[in-house]
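Below are the structure tokens for one structure; questions will follow.
The values are calculated or read from the model by the stated rules, or taken from the named source; none is laboratory data. Because the structure is predicted, anything quoted here is derived from the model rather than measured. A quick note on method: Cβ atoms are made from the backbone with ideal geometry, for glycine too, and the neighbour counts reach across all protein chains shown. Just the protein is used for accessible areas: all its heavy atoms, side chains included, with ligands, DNA and RNA removed. Shrake-Rupley method; radii C 1.70, N 1.55, O 1.52, S 1.80 Å.
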Amino acid sequence: MKLLLYAAKIYDQKSFDMVKDKFPEIEIDYIDHELEPRTAGIAKGYDAICAFVSADVGAETLEILADAGVKAVLMRCAGYNNVDVEKAKELGIVVKRVPAYSPESVAELAMALAMAVNRRIYKAYNKVRENDYTLKGLRGVIFYGKTAGIVGTGKIGAAMARICRGFGMKVIAYDVYENPDLKEFVEYVSLDELLSRSDLISLHCPLLDSTYHMINLENIKKMKDGVILVNTSRGALVDTDELIEGIRMKKFLGVGLDVYEEETGNVYEDRSDEIMPHSTTARLMSFPNVMITSHQGFYTMEALASIAETTLQNMMDAANGTETGNDVK
Ligand code: NAD
């Protein structure tokens, strides 16, 4: 069976090569092109393709993949908001993903971002390198005794809740379902109550119609002054223009983003030599209390190994017609 892995970076190749001996039936080819309508035709002759968060797996791409004989789309990530699932179903293409791979990888980055914006680690690092040992602009707050509000308490949100508890924080949460594993130390509240009580708000729900722009000006106004907001989930959970308005209103002590609305096109690319035509992200980065990383939550040794192994198992399951919890339907 042949698998074509799109947008392959060296680290993808290494992690898949490390586990591929366990799946001798699968032959893998790697290409660095992103999956999109222009590149979908390259998959002719492959049984399955593997794509990542920035791929365009919309209707047009899927039609080209179906014509090329591709039977399965294997997402090497948890989110699948970039896949037209209905179209895939219509075309008889199986879609599978990796719903859980080291949730702590993302949760630990969420806390790292919260700590970094709180104590302005990025500024302090640069100041000391410039022989500037002053403390101007570095004052933070302690997390101990403060309230952490977790939006979405699935695998990653639960891991973040445990980390926040470890910091001695009171943990409150909002989710459409309550996670029974967290009942012992998490108080579930409405979204409005979470917004108004939290000192740290961390987003861990998927991007859905119901969650699109859930952080907008109306909701920002409900937050405490001096709140820290962290988004490691999906960029469009936050309305960036309205976030900028909130930052200008001095609502936030800090904002840490591993994901943001304009990230497609940037993610994992070196654009340091380009003049960006119009960039809301550049405006965001102009604020001293904002830190942005580029979708690196998943990027740990443990997560990469787990993603590679699960993706190849997904390919075997797709070939055998075996449905599992990894199917996207
Ligand atoms: P999960 O499915 O285990 O948990 C998601 C939780 O969100 C569930 O408990 C669900 O009930 C809840 N939810 C659904 N709709 C909601 C709503 N309207 N309001 C509040 N909560 C709602 O998913 P997970 O593995 O914890 O991943 C969470 C998100 O993290 C993913 O959707 C993905 O977008 C993102 N992610 C980011 C990275 C990264 O590298 N930054 C890596 C993996 C996942």
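Mind listing whichever residues of region 115-139 are buried (at least 16 other Cβ atoms within 10 Å of the Cβ) and not in a helix (DSSP H, G or I)?
Of everything in region 115-139, just one residue is buried (at least 16 other Cβ atoms within 10 Å of the Cβ) and not in a helix (DSSP H, G or I), namely R120.
Consider only pairs whose beta carbons are under 8 Å apart and that are at least six residues apart or on different chains; among these, list those whose first residue lies in region 65-87 and is within 21 Å of A236 (Cα to Cα) and whose second residue is within 16 Å of the ligand (Cβ to nearest atom) and among the acidic types (D, E).
Short answer, once both residue conditions are applied: R76/D12.
Examine region 101-120 for a residue that is within 11 Å of the ligand (Cβ to nearest atom), in contact (Cβ under 8 Å) with a residue 24 or more places away in the chain and among the basic types (K, R), and state whether such a residue exists.
no
Filter region 76-112 for residues that are within 18 Å of L257 (Cβ to Cβ), open to solvent by less than 30 Å² (accessible area, probe 1.4 Å) and assigned to a helix (DSSP H, G or I) and give the result.
S105, V106, A107, L109, A110, M111
If I ask for residues that are of a type in the set (D, E, K, R) and touching a helix residue (DSSP H, G or I) at 6+ places or on another chain (Cβ under 8 Å), which ones from region 15-43 would you list?
K20, K22, E25, E36, listed by residue number.
Are there any helices (runs of 4 or more DSSP H) wholly within region 215-329 with 2 or more residues that are open to solvent by less than 40 Å² (accessible area, probe 1.4 Å) and either closer than 27 Å to E34 by Cα or in contact with a Gly (Cβ under 6 Å, 6 or more places away or on another chain) (or both), and if so which?
By residue number, 280-285, 301-320.
Okay, moving on. So which residues in region 160-186 are crowded, with 22+ Cβ neighbours inside 10 Å, among the small types (G, A, S) and in a helix (DSSP H, G or I)?
Once the filter is applied, which keeps residues that are crowded, with 22+ Cβ neighbours inside 10 Å, among the small types (G, A, S) and in a helix (DSSP H, G or I), region 160-186 yields only A161.
Counting only residues that are open to solvent by 20 Å² or more (accessible area, probe 1.4 Å) and either among the polar types (S, T, N, Q) or not in a loop (DSSP other than H, G, I, E, B) (or both), how many does region 29-53 have?
Residues that pass the stated criteria total 6.
Ok, one more. Return the pairs, sorted by first residue and then second, in which the second residue is among the aromatic types (F, W, Y) and assigned to a loop (DSSP other than H, G, I, E, B), the first residue lies in region 139-157 and is under 16 Å from G168 (Cβ atoms) and more than 6 Å from the ligand (Cβ to nearest atom), the beta carbons are less than 8 Å apart, and the residues are 6+ apart or on different chains.
Close Cβ pairs satisfying both conditions: F143/F167; Y144/F167; A148/F167.
Additional query: Does any residue of region 61-75 turn out to be surrounded by fewer than 22 Cβ atoms within 10 Å (Cβ to Cβ), within 14 Å of the ligand (Cβ to nearest atom), closer than 30 Å to I49 by Cβ and not hydrophobic (A, V, I, L, M, F, W, C)?
Looking for residues that are surrounded by fewer than 22 Cβ atoms within 10 Å (Cβ to Cβ), within 14 Å of the ligand (Cβ to nearest atom), closer than 30 Å to I49 by Cβ and not hydrophobic (A, V, I, L, M, F, W, C), one finds none in region 61-75, hence no.
For region 294-303, indicate whether the set of residues that are among the acidic types (D, E), within 16 Å of the ligand (Cβ to nearest atom) and at pLDDT 90 or above is non-empty.
yes
What's the total number of residues in region 191-206 that are within 11 Å of the ligand (Cβ to nearest atom) and either over 21 Å from R234 (Cα atoms) or modelled with pLDDT of 95 or more (or both)?
6
Now a separate question. Which condition number in (1) modelled with pLDDT under 95; (2) under 17 Å from D327 (Cβ atoms); (3) buried (at least 19 other Cβ atoms within 10 Å of the Cβ) is the one that V57 fails?
Condition not satisfied by V57: (1).
Answer yes if at least one residue in region 143-154 is in contact with a Gly (Cβ under 7 Å, 6 or more places away or on another chain) and surrounded by fewer than 15 Cβ atoms within 10 Å (Cβ to Cβ), and no otherwise.
Scanning region 143-154, I find at least one residue that is in contact with a Gly (Cβ under 7 Å, 6 or more places away or on another chain) and surrounded by fewer than 15 Cβ atoms within 10 Å (Cβ to Cβ), so the answer is yes.
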